[in-house]
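To keep things clear, I will list the structure first and then write my remarks on it.
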Amino acid sequence: MTGEAMERSATDTDLHYRRTPPVFWWTRKPSYFVFVMRELSSLFIAWLVLYLLLFVRAVGRGETAYADFLDWAASPWLVVLNVVAFAFVVLHTVTWFSLTPQAMVLQVGGRRVPPRAIIGAQYAALAVVSAFVLWLVTR
Amino acid sequence: MADADEIADKITDEITDEITMRVARYRPDKDRDPGWQEYTVPQREEWTVLDGLNHVKNEVDTTLAYRWSCRMGICGSCGMNVDGEPKLTCATFLSDYAPGPVTVEPLANFPVIRDLVVDISDFMEKLPRVSPWIIRDEEQSVDDGEYLQTPEELDAYKQFSMCINCMLCYAACPVYGLEPEFIGPAAIALAERYDLDSRDHGARQRLDVLIEEEGVYGCTFVGECTRVCPKHVDPAAAIQRYKLKAAQESVKMFLLPRALRR
Amino acid sequence: MKFRVEPFLWLAFSGGGVMAAIFLPVLAFLFALAFPLGWLDPPDHAHLAAVVGHPITFLVLFGAFVMMLVHAAHRFRFTLYDGLQVKHRFLVAAVCYGGAFLGTFVALHMLGSAT
């Protein structure tokens with residue numbers, strides 16, 4: 001069966017009934033909805049990269065520009081956007097970590113590393129990186 | 001000691017407990033579009049959705065069409081969407097849907113031939129594309145005996161060999177629904193099953209099929225195939241591992257000079 | 001073996017996904033929420049300028065940001081294609097990866113301006 005043949009209903013020559021998913025197919029099941037939200041995290045990741053680039057640029061432009069940027073970043077609409085973006089990044093991190101063991105099979109000493117260990121190691125890496133960034137920025 | 005009346009009540013309860021099954025009907029000779037028909041069937045503790053359908057077929061409406069065979073989760077022919085979820089109806093109990101009604105539809109994403117019967121020719125065409133059999137560089141003669149395998153070598157692929165071709169994963173996969181060209185979860189899991197088999201040398205051949213657009217890279221890792229699989233094959237894992245394998249091979253090909261390639 | 005571009009895109013997507021999962025939570029929390037809202041005292045300008053002006057910071061941030069952009073582009077491409085059923089394969093890919101390509105130049109320019 002090919003894509004061209006995906007008509008909504010039977011015709012006189014083809015008695016098969018063909019169903020096409022509606023555009024909002026992903027609202028029909030919680031698991032599909034979480035999947036599409038996970039995929040939409042991409043938009044917020046792109047936004048945060050842009051935001052961080054603007055931040056770096058402001059720092060490079062001097063003390064006043066930096067202070068102005070912090071004021072701008074505290075404006076209500078931007079705070080709302082960034083809170084939403086942060087929530088999507090957390091969704092990305094959690095889902096990414098939990099799916100990694102399915103995509104990767106690690107062997108240590110001829111034995112398969114259990115999925116829990118892979119997930120745990122990723123959270124450990126997250127903790128180390130986060131602590132390092134915090135130390136580097138605020139020391 | 002329990003009261004005799006109480007026991008009698010319990011027995012009648014068991015017999016008279018009923019559940020309504022809302023069944024999708026499509027008769028191409030009569031209908032342009034599918035409709036619903038409701039049947040009330042006894043709801044017994046040990047009755048599956050398939051038992052309910054068999055009751056309808058035997059006692060109520062002989063025109064209802066559906067596929068089934070073994071009743072024990074091995075033949076893979078009784079897959080249907082029960083309350084919107086792809087299920088083997090022989091392994092899905094009516095009592096889990098009490099008080100009902102429970103909807104029964106043909107497997108999603110496949111064209112419907114009649115009532116609950118879907119056309120599986122697309123799946124049948126896709127399966128052999130991944131060469132799901134042992135491919136040898138050099139076939140050993142029968143006189144040389146069988147190809148031996150250690151328990152560890154068996155374990156490497158055993159999980160992926162449990163597939164019963166019930167197609168629940170295709171019904172759960174939104175990518176297959178949207179992009180019918182996608183070769184699909186079961187076929188890729190089966191390719192992985194033979195790739196991981198120590199007796200097989202066909203990995204390169206299958207990679208050439210699965211590296212195409214309608215192969216592994218069409219998958220966006222929704223993970224529903226793994227969730228609905230009645231045999232715990234984990235097709236989603238097979239697909240992601242195949243992506244990684246195909247990527248590693250591609251990088252190797254790109255970076256290593258011809259002489260160093262395997 | 002056949003040469004296809006999709007495996008390379010997928011590798012970049014995966015690398016960017018790891019980068020985003022590990023680096024972005026702390027960066028977003030600190031710079032988008034904690035410092036602007038005063039949950040934590042913002043670092044003084046001289047210190048931050050020294051950090052972002054360092055060549056190692058430049059390399060790490062540039063690498064991580066570009067990978068994250070490719071990751072986002074690849075994922076959004078499939079969101080448009082499957083999720084919203086925008087069935088123009090080439091156009092969708094061109095817009096998404098084109099955006100990431102553009103973003104790479106923006107990143108180079110902005111990170112470079114601070115060093």
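General observations
- Mean per-residue shielding of peptide A:96-102 is 5, counting Cβ atoms of other chains within 10 Å of each Cβ.
- Within chain B, longest stretch free of exposed chymotrypsin sites (Phe, Trp or Tyr not before Pro) [DSSP loop, at most 13 other beta carbons within 10 Å]: B:1-132
- Averaged over the residues of B:23-31, the number of partner chain Cβ atoms lying within 10 Å of the residue Cβ comes to 2.
- C-alpha long axis of helix B:185-195 to longest principal axis of chain B, angle in °: 40 degrees
- GNM on chain B, alpha-carbon springs under 10 angstrom: the most fluctuating residue among B:240, B:205, B:149 is B:149.
- Mean per-residue shielding of peptide B:207-218 is 3, counting Cβ atoms of other chains within 10 Å of each Cβ.
- Note: the protein assembly as shown, Cα convex hull, 246 Å³ per residue.
- Gaussian network model of chain C, Cα within-10 Å springs - most flexible of C:69, C:24, C:48: C:48
- Contact order for segment B:4-118, expressed relative to its length and based on alpha carbon pairs under 8 Å spaced 6+ residues apart, stands at 31 percent.
- Cα-based reach from residue C:2 at 24 Å (exclusive), listing lysines while leaving out same-chain residues under 8 positions away: B:126, B:243, B:245, B:252
- Remark on chain B: B:78, B:90, B:163, B:166, B:173, B:219, B:229 stand apart, with no other cysteine beta carbon under 4.7 Å.
- Over segment B:4-118, volume per residue of the alpha carbon convex hull, in Å³: 104 Å³
- Built amide H within the under 5 Å cut-off of residue B:103, gap 5+: B:22, B:83
- Sparse-neighbour loop sites [chymotrypsin sites (Phe, Trp or Tyr not before Pro); segment A:13-93; at most 16 other C-beta within 10 Å; DSSP]: A:24
- Between residue B:48 and B:94, the built amide H atoms are under 5 Å apart, and every one of these is 5 or more places off in sequence or on another chain.
- Point-to-point label distance, residue C:102-residue B:91, nm (Cα→Cβ direction, 7 Å offset): 5.0 nm
- Along chain C, longest interval not containing exposed chymotrypsin sites (Phe, Trp or Tyr not before Pro), exposed being DSSP loop plus at most 15 other Cβ atoms within 10 Å: C:40-115
- Between residue C:46 and residue C:88, the contour length at 0.36 nm per residue exceeds the alpha carbon distance by 10.2 nm.
- In chain B, Rg over Rh equals 1.10, where Rg is the alpha-carbon radius of gyration and Rh the Kirkwood radius from pairwise Cα distances.
- The trypsin sites (Lys or Arg not before Pro) of segment C:33-110 that DSSP puts in a loop, and whose beta carbon has at most 15 other beta carbons within 10 Å, are C:87.
- Relative contact order, whole percent, for chain B stands at 16, derived from Cα pairs under 8 Å and 6 or more residues apart.
- Helical segments meeting 30 Å axial Cα length and Kyte-Doolittle -1.0 threshold in chain C (DSSP H): C:6-28, C:55-78, C:89-114
- Over the Cα atoms of chain A, the radius of gyration divided by the Kirkwood radius equals 1.17; this is the Rg/Rh ratio.
- Using R0 = 45 Å, the C-beta based FRET efficiency linking residue A:15 and residue A:77 works out to 0.20.
- A simple spin-label model places the labels of residue B:146 and residue B:127 2.3 nm from each other, with each point 7 Å out along Cα-to-Cβ.
- At 1.306 mPa s and 10 °C, Stokes D of segment B:94-171 from Kirkwood alpha-carbon radius, µm² per second: 93 µm²/s
- Here the relative contact order of chain A, from alpha carbon pairs under 8 Å that lie six or more residues apart, stands at 15 percent.
- Rounded to the nearest Hz, the phi-derived 3J(HN,Hα) couplings of segment B:236-243 under the Karplus curve 6.51 cos²θ - 1.76 cosθ + 1.60 (θ = phi - 60°) are 4, 5, 4, 5, 5, 5, 5, 4, where x marks glycine and proline.
Read the figures in this text as sums done on the coordinates, not as results from a lab. Here the structure is a predicted model, which is why all the values come from computation and not from measurement. Heads up, the Cβs are rebuilt from the backbone with ideal geometry, glycines too, and the neighbour counts pull from every protein chain shown.
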